[in-house]
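In what follows, a single structure is set out as structure tokens and then discussed.
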Amino acid sequence: MLTSKERAEFRAQANAIDTTLMVGKDGVTENIVAEAERLLTARELVKGKVLETALMSAREVSDEICAATGAEGISCVGSKFVIWRFSEKCQE
């Protein structure tokens, strides 16, 4: 569990990164979860976007991906969300 200071720091870092995870009309599929796993291992901090055609909100998508990957939800604003998970590979 992250503290509010850590969460605020990650939110500030997320402003500078590009959106790398896109969720479309199919919602959170196995492919989306696999891609999120790969991105979290490589970068720790991932910004995603829920497209207008999706039938889910950014909060629902974020919660579902976090549950599947063991990540922490950092923020959800509009159609974008940010998730984080510690990665030893990224720390090396």
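What follows draws every value from the coordinates through simple rules; no lab data is involved. All values derive from a computational prediction rather than experimental measurement. Quick reminder, even Gly has a Cβ in these numbers, built from the backbone with ideal geometry, and neighbours come from all protein chains shown.
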Within the chain: Cβ-based charge dipole about Cα centre, in debye rounded to nearest 20 (Lys, Arg +1; Asp, Glu -1): 300 debye
Defining a contact as two alpha carbons under 8 Å apart and six or more residues distant in sequence, what relative contact order in percent does region 17-92 show? 34 percent
What FRET efficiency comes out for the pair Glu88/Thr29, r = Cβ-Cβ distance, R0 = 22 Å, nearest 0.05? 0.20
Any idea which of Thr69, Asn31, Thr19 is furthest toward the positive side of the dipole for the chain, if Lys and Arg beta-carbons carry +1 and Asp and Glu beta-carbons -1? Thr19
About the Cα centre, charge dipole magnitude for region 44-92 (Lys/Arg +1, Asp/Glu -1 at Cβ), debye: 160 debye
Residues of region 4-37 with amide N under 17 Å of a point placed 7 Å along Cα→Cβ from Thr53: 21-32
Using a Gaussian network model on the chain with a 10 Å cutoff between Cα atoms, which of Glu44, Glu72, Glu52 fluctuates the most? Glu52
Tell me, in nm to one decimal, what length is gained between Glu9 and Val77 on full extension, where the rule is 0.36 nm per residue of separation less the Cα-Cα distance? 22.9 nm
Suppose we keep just the DSSP beta bridges with both residues in the chain; what percent of those would be antiparallel, to 5? 75 percent
Along each of the three principal axes of the Cα atoms of region 6-92, give the extent in whole Å, ordering the values from largest to smallest. 38, 25, 20
